[in-house]
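Working notes for the structure below.
The values are calculated or read from the model by the stated rules, or taken from the named source; none is laboratory data. If you're wondering where the values come from, they're calculated on a predicted model, not measured in any experiment. We place every Cβ from the backbone using ideal geometry, glycine too, and count neighbours over all the protein chains shown. These accessible areas exclude ligands, DNA and RNA; they are computed on the full protein's heavy atoms, side chains included. Shrake-Rupley method; radii C 1.70, N 1.55, O 1.52, S 1.80 Å.
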Amino acid sequence: GCSPTCTVEAGASCAAFSGLSRCSRTITYDPPNVPIPRTGEQGLVTLTFSGSVSCTPTRVRSVALNMRHTAAGDLLIAISDGAPRAVLTNRQGGARDMDGVYTFASNTTTTVFPGPGGVSDPIPATAYNTVDGTGNRTLVLQDVVGASGNWTLTIDDQEAGDVGEFRSVTIAIYCAPNS
């Protein structure tokens, strides 16, 4: 992601990772809005899409979901590129509404999902560290490398009474130096 003059190329961004500056690239999947749950599929939505980056990927930096749902506590959301599956959220949030872009990152500088607030409050669209209420890390993005370019996003709605829609996903991937 760096030009011969050491400037960031178009479509790349830089961030610190393990004490080094690493460039990252993004993949965006933006289909027409997908209902959650889909009729006749018992609440399971499986989206498969292709997206690769023009570098050697080292790990996934973050996953940003643009979605709406009337009860975050009903949802098990996971992403995989054929490598180990990363769970973004596992039925956390109770009856709280989601509406916006939710960014999941495996670092300690983001807020725990679903964040502070009462059970009936909407969950603000912001960046979250996916650690559950007992402190267990539920997302290990470094295990999802992004090398295959074939992605699967699953949204499993555990309750039939609440509905929503998936709008898009953006995956930021760290690149190896000099690639």
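Restricting the range 147-179 to residues that are among the small types (Gly, Ala, Ser) and in contact with a strand residue (DSSP E or B) (Cβ under 8 Å, 6 or more places away or on another chain), the residue that is surrounded by the most Cβ atoms within 10 Å (Cβ to Cβ) is GLY164. Tell me the residue from VAL119, VAL101, VAL53 that is closer than 21 Å to PRO31 by Cα, at pLDDT below 85 and not hydroxyl-bearing (Ser, Thr, Tyr), please. After applying the criteria, what remains is VAL53. Beta carbons closer than 6 Å, at least 6 apart along the sequence or on distinct chains, pair a first residue in the range 54-78 that is under 20 Å from GLU159 (Cα atoms) with a second that is open to solvent by 10 Å² or more (accessible area, probe 1.4 Å) and of a type in the set (S, T, N, Q) for ASP74/GLN158; LEU76/ASN90; ALA78/THR154. For beta carbons closer than 9 Å, sequence separation of 6+ or different chains, a first residue in the range 79-106 that is within 22 Å of TYR174 (Cβ to Cβ) and a second that is open to solvent by 60 Å² or more (accessible area, probe 1.4 Å) and among the hydrophobic types (A, V, I, L, M, F, W, C), the qualifying pairs are ASP81/ALA147; GLY82/ALA147; ALA83/ALA147. Is it the case that some residue within the range 34-47 is within 30 Å of ALA176 (Cβ to Cβ) and surrounded by 15 or more Cβ atoms within 10 Å (Cβ to Cβ)? Yes, the range 34-47 has at least one match.
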